[in-house]
Amino acid sequence: MQSTCIIYVPKAYLQDYKDALGSEYPYIYASKDDESGEQKPMEQCAVPTISYADGKLTFASSTPNAEYHYSITDSDIVSNAYCQDGTVKLYAAYNISAYATADCYKASDKATATLYWVEANLQNTTTNINQTATRGIIVTSNDGIVTLSGLNNDETVRFYTVDGKQLGAAKAVNGTASQAVSESVVIAKMGNQTIKIAVK
């Protein structure tokens with residue numbers, strides 16, 4: 001059974017390929033995707049977003065069929081550490097970084113976020129007793145915009161400078177609230193919970 005081999009090459013080198021391969025390969029054509037003969041630079045994957053809801057981290061990129069590579073670190077995790085006065089401060093935060101890859105694309109730049117574990121005061125409706133629980137809040141900052149996800153819908157987040165001046169407030173939509181700030185460090189306050197954020 002015979003088969004036909006069709007070869008597509010850059011237009012600028014079409015005659016060189018025909019001369020080199022001769023009549024043995026008669027079906028040599030210029031590539032339609034690269035008629036100029038110049039190699040097009042590979043497009044980069046879009047930087048992923050990082051969000052948190054219902055106990056799950058979610059990565060998303062606008063690049064089709066993107067896959068994600070991530071790292072999570074926690075400064076609270078130590079082994080055989082020494083403490084002189086018996087007091088250890090816990091940060092209750094995970095540092096997350098992620099980048100996206102896809103076929104025919106360069107890897108994206110890294111996205112970074114911090115997942116903070118904060119108190120969520122839940123009231124037991126059967127006993128009327130307040131119970132202390134925790135919830136995860138993801139914080140990202142990029143180009144002066146601070147975004148928090150993992151919030152309750154319509155929950156209000158107020159943003160302050162480190163010396164207590166209010167910068168603004170945002171109400172959560174679909175669990176997410178954002179605020180543009182010009183400070184390098186801001187305090188986000190949700191109810192009686194506060195998070196200190198370094199702004200990038």
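The values are calculated or read from the model by the stated rules, or taken from the named source; none is laboratory data. Computed from a prediction, not measured in an experiment: that's the story for all the values here. Positions of Cβ are backbone-derived with ideal geometry, glycine not excepted, and every protein chain shown enters the neighbour counts.
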By residue number, the members of region 66-92 that are of a type in the set (Gly, Ala, Ser) and touching a Phe, Trp or Tyr at 6+ places or on another chain (Cβ under 6 Å) are SER75, ALA92
Considering region 83-119 alone, what residues qualify as being among the β-branched types (Val, Ile, Thr) and more than 15 Å from the chain's Cα centre (by Cα)? THR87, VAL88, VAL118
Only unsatisfied item for GLY191, checking (1) surrounded by 17 or more Cβ atoms within 10 Å (Cβ to Cβ); (2) farther than 24 Å from LYS110 by Cα, is (1)
Counted residues, region 152-200 - those being hydroxyl-bearing (Ser, Thr, Tyr), part of a strand (DSSP E or B) and more than 18 Å from ALA53 (Cα to Cα): 2
Tell me yes or no: at least one residue of region 178-187 is in contact with a Leu (Cβ under 6 Å, 6 or more places away or on another chain) and at pLDDT 95 or above. no
Considering only residues that are in contact with a Pro (Cβ under 6 Å, 6 or more places away or on another chain) and over 25 Å from LYS196 (Cβ atoms), which ones fall in region 81-110? ALA100
